[in-house]
Ligand code: UDX
Ligand code: ADP
């Protein structure tokens with residue numbers, strides 16, 4: 001089989017960028033990204049794409065209408081395709097067996113059933129969503145129990161390692177592509193077909209092939225290892241604050257060991273995003289099911305530490321503000337889970353904001369890319385407009401950072417957007433209530449300069465020499 005047509009089920013953060021780059025790099029392949037949400041597809045076909053990702057607009061503009069199509073016609077997409085990516089959402093279960101830990105595979109299952117219903121020719125079905133180990137088996141069972149004459153399925157696991165905010169670069173210059181399949185001749189042939197697609201731009205030496213389960217487990221393991229590094233460095237922030245060590249200096253010294261390396265040692269208010277927590281929960285659930293409580297407890301600690309870090313930071317904010325934030329105006333700078341994305345899933349800003357709201361604060365939130373509706377959704381748990389109206393009494397969303405901080409008792413910086421480093425903090429100090437507090441949850445600002453302006457500054461993993469308040473004359477060095 002030569003792959004001429006690819007269909008992707010799910011036009012989300014994974015399916016959209018991945019297939020756009022495949023279309024860019026494989027002009028000989030027609031790529032159709034399908035979603036059951038009409039609204040999402042409409043946005044993919046418009047000038048304002050449903051997700052913000054640096055470089056994505058250009059890739060889509062180059063390929064859309066040429067060999068890249070976005071469609072709600074799932075039946076046509078499936079029937080015409082030689083290869084189908086399943087890139088649907090896999091949230092953590094909120095009810096029933098394994099709730100709060102196991103992944104809810106209902107969307108994966110429904111995608112597999114759709115393929116079984118609609119396919120009339122051989123298909124390679126590729127699991128791309130982040131899934132628990134053995135999810136491919138579910139797809140296999142559904143497809144093979146419903147095989148029609150003349151239709152054969154090969155099921156591959158091809159986890160995606162892109163990180164949001166750098167997705168296009170991660171896809172174009174991938175460290176590695178991982179493809180898992182069955183050890184049968186047909187399985188190996190399917191692996192080679194998918195390798196051929198990636199070899200349009202990825203050097204063959206960077207394409208790893210394994211059995212299906214190794215591929216699935218490797219994805220969970222990679223995310224668990226990355227999250228573990230963040231929890232490791234975050235655990236030391238509390239020690240640094242108590243002892244006078246500086247976590248940035250510790251991270252630098254530790255990261256210089258070539259066996260450890262410098263990446264993912266950036267202390268923060270905790271990790272967020274759609275993958276880390278979900279994948280570790282999957283790993284914990286798998287370990288429990290395999291009767292490995294020690295393994296489960298080991299990975300649970302990475303998550304517990306993350307919760308501790310978010311709580312510790314928020315507690316510090318409240319305690320510094322004389323242990324009460326009732327009716328105080330707090331400016332929240334940044335709401336996405338990291339810079340360069342509008343994604344808010346598991347963002348630490350949600351935890352911080354909700355806790356401050358519970359304590360009676362009035363929040364003034366600014367984020368360069370997150371839509372107001374999304375912020376209200378995260379704070380209320382619903383898209384119902386009347387709920388949003390209620391919360392608007394204590395949450396105001398602003399168009400600029402300057403507007404958010406005007407009249408604020410404190411600034412809480414939750415996301416490391418570059419533009420926050422460029423703010424004119426002299427101007428900001430003037431328009432804030434005094435004493436003016438600033439909590440830098442990402443360690444991106446010049447704390448000494450802020451203190452010279454007069455701010456009371458607190459950050460993560462570093463005890464500042466003094467906490468501001470006395471405005472030093474002639475030393476306003478911030479822009
Ligand atoms: C992650 C993995 O990096 C990616 O390979 C996988 O495919 C999906 O999950 P993503 O969640 O998009 O990607 O972003 P990532 O850059 O990993 O950041 C995750 C969270 O960790 C963010 O909240 C980020 O701010 C935080 N982080 C990251 C830190 O707190 N410190 C660091 O040193 C790095
Ligand atoms: P991810 O971050 O994993 O890409 P998203 O939630 O951003 O997850 O995107 C998943 C997309 O999959 C959603 O747009 C959802 O509407 C879509 N989806 C879910 N089930 C199906 C299905 N059976 N067929 C097509 N699209 C689906």
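Readers should treat all values here as calculations from the given coordinates under stated rules, not as data from a laboratory. Not measured: the values here are computed from a predicted model. Backbone-built Cβ (ideal geometry, glycine too); neighbour counts: all protein chains shown.
Details
- Rounded FRET efficiency, nearest 0.05, which uses the C-beta distance separating residue 259 from residue 295 and R0 of 25 Å: 0.60
- Degrees between helix 276-289 axis and first principal axis of the chain (Cα, 0 to 90, nearest 10): 60 degrees
- Acute angle (nearest 10 degrees) that the helix 185-198 long axis makes with the longest principal axis of the chain, alpha-carbon atoms: 50 degrees
- Helix-only [θ]222 nm of the chain, DSSP H runs n ≥ 4, -39500 (n - 2.57) each, per residue, nearest 500: -13000 deg cm²/dmol
- Counted by neighbouring Cβ atoms within 10 Å, the residues 83, 226 run from fewest to most as 226, 83.
- Alpha-carbon radius of gyration plus Dmax, which is the widest Cα pair, for the chain in Å: 24.2, 84
- Exposure proxy order (Cβ contacts within 10 Å, fewest to most) of 58, 82, 279: 58, 82, 279
- Estimated inter-spin distance, residue 208 and residue 48, nm [label 7 Å along Cα→Cβ]: 4.1 nm
- Coordinate range of the alpha-carbon atoms in the stretch 1-121 per principal axis, descending: 45, 36, 22 Å.
- Per residue, the average separation of C-alpha pairs within less than 8 Å and at least 6 apart gives the stretch 70-115 a relative contact order of 31 percent.
- Summarising the strand pairing of the chain, around 5 percent of its internal DSSP beta bridges are antiparallel.
- The stretch 411-461 - percent relative contact order, Cα under 8 Å, separation 6 or more: 43 percent
- Extension gain for residue 161 to residue 196 (0.36 nm times residue separation, less C-alpha to C-alpha distance): 10.7 nm.
- The distance between label points at residue 319 and residue 463 comes to 1.2 nm (points 7 Å beyond Cα on the Cα→Cβ vector).
- Rel. contact order, % - alpha carbon contacts under 8 angstrom, at least six apart, the stretch 18-134: 25 percent
- C-alpha long axis of helix 135-145 to longest principal axis of the chain, angle in °: 30 degrees
- Pairwise label distance in nanometres, residue 430 with residue 304, each label 7 Å out on the Cα-Cβ vector: 5.1 nm
- Order of 275, 394 under a 10 Å beta carbon neighbour criterion, fewest first: 394, 275
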